Structure formats: structure tokens, C-alpha cells
Amino acid sequence: MDRDEASLSYMYRADDRYWLMMLDSCQYDPENKIGGRIRKETLAWMSGWLEKAREENVLVIPIAHHNLLKESTLYPEDCTLENSSQAAELLESYGLPVYISGHLHLQRIKKI
């Protein structure tokens, strides 16, 4: 469907009702980091696609490597997006019910 020019993020049309928003949450510049962040340009790109999905009555499922919410007291560093509050606010403003991540490799669900 589309690729974000500021990152490796892209949109994938799963079917007529669902789009997958594959988010590049890794940090490469100026050096590789363990922690994650969604670039401000990518947040703007996300907003455009979320608006388009709303207009077309499509559910977007965001997927990224790094967690949106703090998931563990054992691993408090580098697992949650550095700008998680901005990302969560954007996703919540469009009423998205789920965010899939896997950085911790822990199988659990955390609700806001």
C-alpha cells in the first residue's frame, strides 16, 4: 500500500476490513540503540493513514518491535518506546483496540 519515507515503516492491506501498520521502532542514527522510538515524521505518516482508514471504515492494527506500554519491572530499560506517550495518544485518538509488539518476548496483554 505505502511505505514511510522517513523509516522502514509500511502499510499492508490484509483484506477489505484490516490494514497492518508495520512500524519501524528501531533507532539507527546516529548509532544503533536497543531502545525504540517512532520518528516524528513517522508519527505524521501514521496520522495520515489512520485518517484514511477512518474514512474507509477499515481497522488498522499497528505492529512494532518495541512495546507501547511498560510491560515488565524486570526489564525497565530499552523495551518501551521512548516516545510512547505520543504514539499512544495518536493511536487512542483513532480508537485502535490493539498494538502488537514483541521486544520482551513475553506473552501477556496489558490494557490501558
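Coordinate-derived values only; no laboratory data. What you see is a predicted model, and the numbers here were worked out from it, not measured in a lab. Glycine also receives a Cβ, built like all others from the backbone with ideal geometry; neighbour counts cover every protein chain displayed.
Key figures
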{"quantity": "5 angstrom amide H check on D2, placed H, neighbours 5+ away", "calculated": "M11"}
{"quantity": "Virtual spin-label span in nm between K70 and E31, 7 Å along Cα→Cβ", "calculated": "2.6"}
{"quantity": "Residue-count net charge about A6 - beta-carbon cut-off 14 Å; Lys, Arg +1, Asp, Glu -1", "calculated": "-2"}
{"quantity": "Phi to ³J(HN,Hα) by Karplus 6.51 cos²θ - 1.76 cosθ + 1.60 over segment 52-68, Hz, x for Gly, Pro", "calculated": "4, 5, 4, 4, 9, 6, 10, 8, 9, 10, x, 9, 8, 6, 8, 6, 7"}
{"quantity": "Gain on full stretching of the segment that runs from R3 to Y94 - 0.36 nm per residue minus C-alpha separation", "calculated": "30.7 nm"}
{"quantity": "The chain, relative contact order [Cα under 8 Å, separation at least 6], %", "calculated": "25"}
{"quantity": "Net charge dipole size for the chain [Lys, Arg +1 and Asp, Glu -1 on Cβ; Debye, nearest 20]", "calculated": "380"}
{"quantity": "3J(HN,Hα) from dihedral phi, segment 39-49, Karplus parametrisation 6.51/-1.76/1.60, rounded to Hz, x for glycine, proline", "calculated": "4, 4, 5, 6, 4, 5, 4, 4, 4, x, 6"}
{"quantity": "Between helix 84-93 and the chain: long-axis angle, C-alpha atoms, 0 to 90°, nearest 10", "calculated": "20"}
{"quantity": "Net charge, M22 excluded, C-beta distance under 12 Å - Lys, Arg +1, Asp, Glu -1", "calculated": "-1"}
{"quantity": "Net charge, V58 excluded, C-beta distance under 14 Å - Lys, Arg +1, Asp, Glu -1", "calculated": "-2"}
{"quantity": "Debye log10 I(q)/I(0) for segment 2-93, one point scatterer per Cα, at q = 0.13, 0.18, 0.19, 0.26 Å⁻¹", "calculated": "-0.44, -0.80, -0.88, -1.40"}
{"quantity": "For the chain, calculated [θ]222 nm from helices alone, where every DSSP H run of n ≥ 4 adds -39500 (n - 2.57)", "calculated": "-7500 deg cm²/dmol"}
